[in-house]
Amino acid sequence: MENQTSSIVQRSLDALLEDDTFLPDLKGKTREQAFTSLGAILSTPNHVHKSFLRIPLEDGQVVRIPAFRVQHINALGPYKGGIRFHESVNEDEVINLASLMTLKNALHDVPFGGGKGGVVLNPRTHTIKELNLICKKYVRYFNDILGPDKDIPAPDVGSSDREMDWMMSEYKSINPGLPYRGSFTGKSVVNGGSLGRGAATGKGVYFTFRYMIDDFMKKHTNLLSNSDNIFARTVLDYKSRPLTIAVQGFGNVGSVAALEAFNCSQLQNKVIAVSDRNVTLYNAKGLDIPALVKFTLDNNGDLPTTNEQLAQTGVNAELHDREEILFLDVDCIILAALADQIHKGNMDKIKARIIVEGANAPVTSEADNFLSEKGIIIVPDILANAGGVIVSYYEWLQGRETQFYSEEEVFKLLYNKMQSTMDTILPKFFSDPFPLRQNCYIHSVMKLSTVLYRQGKLY
Ligand code: NAD
């Protein structure tokens, strides 16, 4: 497990060891031994599978492409997690992402364990035929460990419903007669994917922000007003006033989150900046997000980078360097691009008082500690970006039942699940001194520890 994840898990275990109301049957030396076992189990994956996919390229060369499937913990159900197609994929990264999936599923009560896959390649440098073969080979090489009740991959960076359709089809061909619809999620709707899956993560990301600063605040005004907690004071400052929002990353997650913020009638939002791998667009009066979404759909996912392109979209905006978005004076910044965006080198320039992690691990542990001490609320990845895996769970269920839900039903289920998690976590967060990430981890670790203990895994 990477340092940030493992150190917060260990801190959570240390706090729970001292709390004798948690697993009260465990006492004295037995308790210490059980917690040592938990530390070992939670910090290491059950399996790390690695293969080199042999791929004949269309130019006649044969290459061996490294590919991983990491299975972290399956105490709560089959392993579940995306397959990342990126040239920087490496074993440690996949292990860390698999462990985040374990914690994310435990946090939201999704009956899956944690898994993750990776293929070391740049998908833009391969032909469609080669990518199709890479997907088929991935399934062939890892067939024994995959399946609807064993390990269920999904798309991640660099992969999409197209790759999941190919993979499911290969799984079906080589396992005739076995159930196959639940073998992969994030498929196209025509192949058994769920309506709403594409927008689920971005919608969930914005929902966590809106729910915390509005719905929850309205229901718990007394708790917040009477609390001397530093984070309660931060959130109270957001009450009933116009809010400015910036969104880093304008892909699947960021563009949907920006659109949700733009369209939200419950809050008086202005999305004043968005960015992508090329540029930051800024307009203090608010950006026309639907027009920008339309532009990206017609331009390979990229935002306008010149004044001519802006004029063509009818969007009024200033062009800035892509990093500048991070340092704007906004009420909320949604990070929906890459890992490690706010770090030791730039954390003192952050002005937003609420940061929402749409990407996985976009704030490093040093920056996390530094910003949390100043009362800045960081809505962590495992809470904010779980919409994709939650709707994947509903896709898996729909595949088993061969009954399909409307998009409206899917979003209702998604919001209910996220609301239920937030109603469990937030009252404690606004009463104790721990940052939200620590609160979420403690909740996940409690759930996993209890299940592992009850399954007799700690002896
Ligand atoms: P995507 O590829 O659709 O979009 C990524 C966006 O980030 C693009 O707009 C790209 O231009 C931009 N970007 C790349 N480098 C950048 C940089 N240096 N600065 C600013 N912007 C940059 O990816 P996505 O599916 O939207 O995922 C975004 C993040 O969210 C990833 O870290 C992913 O792991 C995480 N995530 C995604 C999902 C999901 O369901 N898609 C679920 C959980 C977590």
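Hey, could you check the range 169-215 for residues that are farther than 19 Å from Lys136 by Cβ and aromatic (Phe, Trp, Tyr) and say which is farthest from the chain's Cα centre (by Cα)? Ranking the qualifying residues of the range 169-215, first place goes to Tyr211. Scanning the range 314-326 for residues that are more than 16 Å from the ligand (Cβ to nearest atom) and not in a loop (DSSP other than H, G, I, E, B) returns a single hit, Glu318.
Among the criteria (1) within 13 Å of the ligand (Cβ to nearest atom); (2) in contact with a strand residue (DSSP E or B) (Cβ under 6 Å, 6 or more places away or on another chain), the one Gly193 does not fulfil is (2).
Regarding Leu458, is this residue closer than 23 Å to Ile390 by Cβ and among the aliphatic types (A, V, I, L, M)? The answer is no for Leu458. Here Leu23 meets the list (1) outside the structural domain of Arg140 (by TED's automatic domain parsing); (2) more than 28 Å from the chain's Cα centre (by Cα); (3) surrounded by fewer than 19 Cβ atoms within 10 Å (Cβ to Cβ) almost entirely, failing just condition (3). Only one of the listed residues (Leu413, Leu426, Leu371, Leu383) is within 16 Å of Asn105 (Cβ to Cβ), surrounded by 15 or more Cβ atoms within 10 Å (Cβ to Cβ) and over 17 Å from the mean Cα position of the chain (by Cα). That residue is Leu413. Is the range 207-220 home to any residue that is open to solvent by less than 10 Å² (accessible area, probe 1.4 Å), in contact (Cβ under 8 Å) with a residue 12 or more places away in the chain, on the phi > 0 side of the Ramachandran plot and within 16 Å of the ligand (Cβ to nearest atom)? No, the range 207-220 contains no residue that is open to solvent by less than 10 Å² (accessible area, probe 1.4 Å), in contact (Cβ under 8 Å) with a residue 12 or more places away in the chain, on the phi > 0 side of the Ramachandran plot and within 16 Å of the ligand (Cβ to nearest atom). The residue list Asn105, Asn90 contains one member that is open to solvent by less than 40 Å² (accessible area, probe 1.4 Å), farther than 18 Å from Leu458 by Cβ and of a type in the set (S, T, N, Q), which is Asn105.
Of the conditions (1) assigned to a helix (DSSP H, G or I); (2) within 16 Å of the ligand (Cβ to nearest atom); (3) among the hydrophobic types (A, V, I, L, M, F, W, C), Val139 clears all except one; give me its number. Result: Val139 passes all but (2).
Just one residue in the set Ser169, Ser159, Ser255 is more than 17 Å from Leu426 (Cβ to Cβ) and not in a helix (DSSP H, G or I); that residue is Ser159. Residues of the range 178-197 that are more than 16 Å from Arg400 (Cβ to Cβ), open to solvent by 60 Å² or more (accessible area, probe 1.4 Å) and in a loop (DSSP other than H, G, I, E, B): Leu195 alone.
In this structure, is Ser99 within 27 Å of Ser6 (Cα to Cα) and not β-branched (Val, Ile, Thr)? Yes, satisfied.
Of the residues making up the range 68-87, not a single one is open to solvent by 70 Å² or more (accessible area, probe 1.4 Å) and among the aromatic types (Phe, Trp, Tyr). Residues in the range 330-368 that are free of Cβ contacts under 8 Å to residues at least 60 places away in the same chain, more than 12 Å from the ligand (Cβ to nearest atom) and open to solvent by 50 Å² or more (accessible area, probe 1.4 Å): His343, Lys344, Gly345, Asp348, Lys349, Lys351, Glu366.
For the range 46-59, indicate whether the set of residues that are without any contact (Cβ under 8 Å) to a residue 24 or more places away in the chain, open to solvent by 30 Å² or more (accessible area, probe 1.4 Å) and aliphatic (A, V, I, L, M) is non-empty. No, the range 46-59 contains no residue that is without any contact (Cβ under 8 Å) to a residue 24 or more places away in the chain, open to solvent by 30 Å² or more (accessible area, probe 1.4 Å) and aliphatic (A, V, I, L, M). Just one residue in the set Ser265, Ser227 is of a type outside the set (Lys, Arg), open to solvent by 70 Å² or more (accessible area, probe 1.4 Å) and more than 16 Å from the ligand (Cβ to nearest atom); that residue is Ser265. The residue list Leu146, Leu131 contains one member that is within 16 Å of the ligand (Cβ to nearest atom) and more than 30 Å from Glu260 (Cα to Cα), which is Leu131.
In this structure, is Arg64 more than 17 Å from the chain's Cα centre (by Cα) and open to solvent by 10 Å² or more (accessible area, probe 1.4 Å)? Against the criterion (more than 17 Å from the chain's Cα centre (by Cα) and open to solvent by 10 Å² or more (accessible area, probe 1.4 Å)), Arg64 qualifies. Return a yes/no flag: does the range 299-313 have any residue that is modelled with pLDDT of 95 or more, crowded, with 18+ Cβ neighbours inside 10 Å, within 15 Å of the ligand (Cβ to nearest atom) and under 19 Å from Asn385 (Cβ atoms). So far as the range 299-313 goes, no, none of its residues is modelled with pLDDT of 95 or more, crowded, with 18+ Cβ neighbours inside 10 Å, within 15 Å of the ligand (Cβ to nearest atom) and under 19 Å from Asn385 (Cβ atoms). Of all the residues in the range 356-411, those that are assigned to a helix (DSSP H, G or I) and not hydroxyl-bearing (Ser, Thr, Tyr) number 28. Using the structure shown, decide if Val274 is within 12 Å of the ligand (Cβ to nearest atom) and under 18 Å from Ile350 (Cα atoms). Considered against the rule, which asks whether it is within 12 Å of the ligand (Cβ to nearest atom) and under 18 Å from Ile350 (Cα atoms), Val274 comes out as yes. Within the range 230-252, the set of residues being within 15 Å of the ligand (Cβ to nearest atom) and part of a helix (DSSP H, G or I) comprises just one member, Asn252.
The values are calculated or read from the model by the stated rules, or taken from the named source; none is laboratory data. Given the structure is predicted, the values throughout are model-derived calculations rather than measurements. Cβ sites come from the backbone with ideal geometry, for glycine too, and all protein chains shown count toward neighbours. Calculation scope for accessible area: heavy atoms of the full protein, side chains included, ligands and nucleic acids excluded. Shrake-Rupley method; radii C 1.70, N 1.55, O 1.52, S 1.80 Å.
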